[in-house]
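Visitor: Mind having a look at this structure? Questions to follow.
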Amino acid sequence: MSDASYLSLEKLTLAYGDSVAVANLDLNIRKGELIALLGPSGCGKTTTMRAIAGLLAVKSGHVRLDGADITRVPANKRAVGLMFQSYALFPHLSVYENVAFGLKLKGMRGPELETKVQSGLKSVGLSTFANRKPAELSGGQQQRVALARSMVMEPKVLLLDEPLSNLDARLRLEMRTELQRVQKETGVTMIFVTHDQAEALALADRIVVMKSGKIEQIGSPEDIYNRPTSSFVADFVGFENIFPLENGKMKTSAGLIDLSGKPPSAAGLAWRPRMVSLGTGPFQGTVRGTSFAGDSREYLLDTSLGPIKAEVEASQPAHALGADLFFDLPPEKAAPLLRFV
Amino acid sequence: MTLRSLFIPITLLLVIAFLIGPFLIIVAASFSAGETLAFPPQGFSLRWIAKVFTVESFRASFGMSLFLAIGGTAAALILGIPASYALSRYKLPGAEIVRTVVSAPIIVPGIIVGLALLRYIVVPFQVGITLALFLAHTALVLPYAVRVVSASLDNLRSDIEEAAVLLGSSRLGAFFRVVMPNIRGGIMSAFILGFVTSFNQVPVSLFLSGPGVRTLPVDMIAYMEIVFDPSVAALSSLLAFLSIGIVFVAERFLGFSRYV
């Protein structure tokens, strides 16, 4: 085992009956890394997570963890923790008993158990809630119980299913900080599944973007955000103006257009709405829609290239619906796409 | 007040009278001082209630009914809990067929169930009367057990079992550690419903009862054919209050009506 492959998935194929959900997936994860599996629903991210946990049988391929092949190791012997999206707390047990559940199964008793559970509860700030039932806690508190319950088991890998999706904006930030702190303090390898790019960008060391059971791109949050390699990833992270390149020319509804200064080998070009410059340029469009977003204003333009989305500082003078505007798609700002799907 | 505005209250009163009236008549008759079952009761006495406890055959058949209600319901739960679990947690081929077959004894009239059991099980296989009654009561209670236990399983998220497994429990262990404690209310409710159903069951028991082995309701019918005194009314009242008491306690402590 090298350091770069503490957890590795090798040619992993997963299926529900005859329908293949994940095909030939290869992924290496370093020890202590915080990985996000990002993608729309049905992309196979949750399926992959369940296979790592051992809740789903592997059709072919291998899962290796810490040097051992765990492909056929049952879920209860894997030392893999999972924080469920619904938290899955045991409703009949107190917060204390929930956290103690796994430790008791390990045979831990008496003062050792007591100390361990208390320190687990303390680390998520819930010491005073030990005797409450899950139903008496808020969603955010329930989630922290679930986190403590997994973490006291000292898992080699902690999986998190949509960890922030059930929380409101304020709690989201709190939980995000909490997860990062836990990760830093314990050094546990974390993999979380999300469909929310903002969540993945904010939390992960490395993002794995998935689509239709395959990995679309792996990279740092900066890579994914600034340098998407495919039209799918570009679209997913907010590049809303995407055009394929054909023989070095941009293919639009107005035909092939020559842009100077584009990267030679790209299969497509993508611009965020903010990268479109409004006011001057070789193209012309009509304002079809406009929306004010506080700091900025967004315009939807009808153009001969197709619909274009542009975003400008709110301090700029506003354009009315129906106004004709010049605009430019600066090639030097565009993200070059290697694959167009 | 117009006739129209009186229509609903009057209908309501008639319905209540129709449902509760016979019960009140029986209760009144059990306190009669007269020699025959009659309404209105003649005088007031507790002698018939006292007599119930002295009739030898009532004691024996009460014991049989109690055994069938407790044993049959317990057996139905032992079969019904795993069946409900399988029906609620796994997508099994033919699950709907199983569900329908399991509910059949509710839909099919008791007379037919009794006759079928007698004709095709008891007679060809020479099954003893007690065993035949036990099997019949188990089958009759099974639909209630499956229905009530399924309802509480459907309300329980299945991911807590996966959570238990990931914390080191086996699948079977997870069932006993996190599923059973959370469906306890449903199981208790199923037990009470099954007990009352079995205890009050007449048609099937009528077919399967034999010399010396009878359930209490069947014994009461037999008794009435010979002796027409108010002790049967007294016994009916006692049983009715017992049922009401059980259901009341169950509702109070379990929220019985949630499951049924």
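The values are calculated or read from the model by the stated rules, or taken from the named source; none is laboratory data. Since the structure is predicted, the reported quantities are computational estimates derived from the model, not experimental observations. A quick note on method: Cβ atoms are made from the backbone with ideal geometry, for glycine too, and the neighbour counts reach across all protein chains shown. Accessible surface is based on the protein model in full, side chains and every heavy atom, while ligands, DNA and RNA are left aside. Shrake-Rupley method; radii C 1.70, N 1.55, O 1.52, S 1.80 Å.
Visitor: If you put +1 on each Lys and Arg Cβ and -1 on each Asp and Glu Cβ, how big is the dipole of the stretch B:1-118 around its Cα centre, in Debye rounded to 20?
Guide: 280 debye
Visitor: Can you send over the solvent-accessible area of A:T186, 1.4 Å probe, protein chains only, in Å² to the nearest 10?
Guide: 80 Å²
Visitor: Can you give the percent of C-alpha pairs in the protein assembly as shown whose distance is more than 41 Å?
Guide: 52 percent
Visitor: Could you order the peptides B:239-246, A:175-182 from most to least packed, using the average number of other C-beta atoms within 10 Å per residue?
Guide: Ranked by mean Cβ neighbours within 10 Å, highest first: A:175-182, B:239-246.
Visitor: Quick one: if you stick a label point 7 Å off each Cα along the C-beta vector at B:A17 and A:R288, how many nm between them?
Guide: 7.4 nm
Visitor: Now a separate question. At 1.4 Å probe size, with the rest of the protein present, what percent of the exposed accessible area of chain B is carbon and sulfur atoms?
Guide: 74 percent
Visitor: Which ³J(HN,Hα) values, rounded to whole Hz and listed in residue order, are derived for the stretch A:304-312 from phi using the Karplus coefficients 6.51, -1.76 and 1.60 in 6.51 cos²θ - 1.76 cosθ + 1.60 with θ = phi - 60°, glycine and proline given as x?
Guide: So the Karplus estimates, Gly and Pro as x, are 5, 7, x, x, 10, 9, 10, 10, 10 Hz.
Visitor: Just from the alpha-carbon atoms, what are the Rg and Dmax of the stretch A:3-233 in angstroms?
Guide: Looking at the stretch A:3-233, its Cα Rg and Dmax stand at 17.6, 57 Å.
Visitor: Once you compute Rg and the Kirkwood Rh from C-alpha atoms, what is the Rg to Rh ratio for chain B?
Guide: That ratio is 1.06, to two decimals.
Visitor: Of the listed peptides A:50-60, B:112-122, what is their order by residue-averaged count of other C-beta atoms within 10 Å, with the highest listed first?
Guide: Highest mean packing first, the order is A:50-60, B:112-122.
Visitor: Tell me, what HN-Hα J-couplings in whole Hz come from the Karplus equation 6.51 cos²θ - 1.76 cosθ + 1.60 at θ = phi - 60° for each residue of the stretch A:123-139, using x for Gly and Pro?
Guide: So the Karplus estimates, Gly and Pro as x, are 5, 10, x, 10, 3, 7, 9, 3, 8, 6, 8, x, 5, 8, 10, 6, x Hz.
Visitor: Zone of B:I78 (label point 7 Å along Cα→Cβ, backbone N under 17 Å): which residues in the stretch B:139-174?
Guide: B:139-143, B:145-146
Visitor: To the nearest Å, what is the center-to-center distance of the stretch B:144-216 and the stretch A:186-243, using C-alpha atoms only?
Guide: Result: 48 Å between the Cα centres.
Visitor: Could you work out what % of the accessible surface of the stretch A:240-337 is carbon and sulfur, using a 1.4 angstrom probe and leaving DNA, RNA and ligands out of the count?
Guide: 51 percent
Visitor: Oh, and also: For A:M83, list long-range residues whose amide hydrogen, built 1.01 Å from N in the peptide plane, is under 5 Å from its own amide hydrogen.
Guide: A:L159, A:L160, A:D161
Visitor: If you don't mind, there's one more thing I want to ask. Hey, if you put +1 on the Cβ of every Lys and Arg and -1 on every Asp and Glu Cβ in the stretch B:55-258, which of B:A76, B:T197, B:L92 ends up farthest toward the positive end of that dipole?
Guide: After comparing all options, I get B:L92.
Visitor: Calculate the spin-label point distance for A:N226 paired with A:A135, positioning each point 7 Å from the Cα along the beta-carbon direction, and give it in nanometres.
Guide: Taking the two extended label points, one gets 5.2 nm.
Visitor: Report, by chain and number, residues whose modeled amide H sits under 5 Å from the one on A:S277, excluding near sequence neighbours (fewer than 5 apart, same chain).
Guide: Those lying under 5 Å, H to H, from A:S277 are A:D328.
Visitor: If you plug each phi of the stretch A:223-234 into the Karplus form 6.51 cos²θ - 1.76 cosθ + 1.60 with θ = phi - 60°, what whole-Hz ³J(HN,Hα) values come out, in order, with x for Gly and Pro?
Guide: So the J values, rounded to whole Hz, are 4, 5, 6, 9, 10, x, 9, 9, 4, 5, 5, 4.
Visitor: Follow-up question, since we're still on this one. Report in % the part of the accessible area of the stretch A:3-233 that belongs to carbon and sulfur, leaving out ligands and nucleic acids; probe 1.4 Å.
Guide: Accessible surface attributable to carbon and sulfur in the stretch A:3-233 totals 49 percent.
Visitor: Can you work out the PRE-style zone for B:F67? Point 7 Å along Cα to Cβ, and I want the residues of the stretch B:217-245 with backbone N under 18 Å.
Guide: Inside the label zone: B:217-220.
Visitor: Related question: For every helix of n ≥ 4 consecutive DSSP H residues, a contribution of -39,500 (n - 2.57) applies; sum these over the protein assembly as shown, divide by its total residues, and give [θ] at 222 nm rounded to the nearest 500 deg cm²/dmol.
Guide: Helix-only estimate at 222 nm: -14000 deg cm²/dmol.
Visitor: When a/c is below 1.5 the answer is rounded, else prolate if a/b is larger than b/c, else oblate, so apply that to the stretch A:182-325 with a ≥ b ≥ c taken from the square roots of the Cα gyration tensor eigenvalues.
Guide: Note, shape of the stretch A:182-325 comes out oblate.
Visitor: In 5 Å bins starting at zero, report the fraction of Cα pairs in the stretch A:240-337 per bin as a rounded %.
Guide: For the stretch A:240-337, the pair-distance distribution reads 3, 14, 24, 25, 17, 10, 6, 1, 0.
Visitor: Another question, then. Any idea how far apart B:R99 and A:L321 come out in nm if each label point goes 7 Å out from Cα toward Cβ?
Guide: Those two pseudo-labels are separated by 4.9 nm.
Visitor: Additional query: Express the relative contact order of chain B as a whole percentage, based on alpha carbon pairs under 8 Å and six or more residues apart in sequence.
Guide: 31 percent
Visitor: Let me ask something else about it. Using the structure shown, list the pairs from A:K251/A:K333; A:K31/A:K133; A:K11/A:K184; A:K59/A:K211; A:K45/A:K106 with a Cα-Cα distance above 24 Å, or answer none.
Guide: A:K31/A:K133; A:K11/A:K184; A:K45/A:K106
Visitor: Can you give the accessible area of B:I111 in Å² (nearest 10), computed on protein heavy atoms with a 1.4 Å probe?
Guide: Accessible area of B:I111: about 100 Å².
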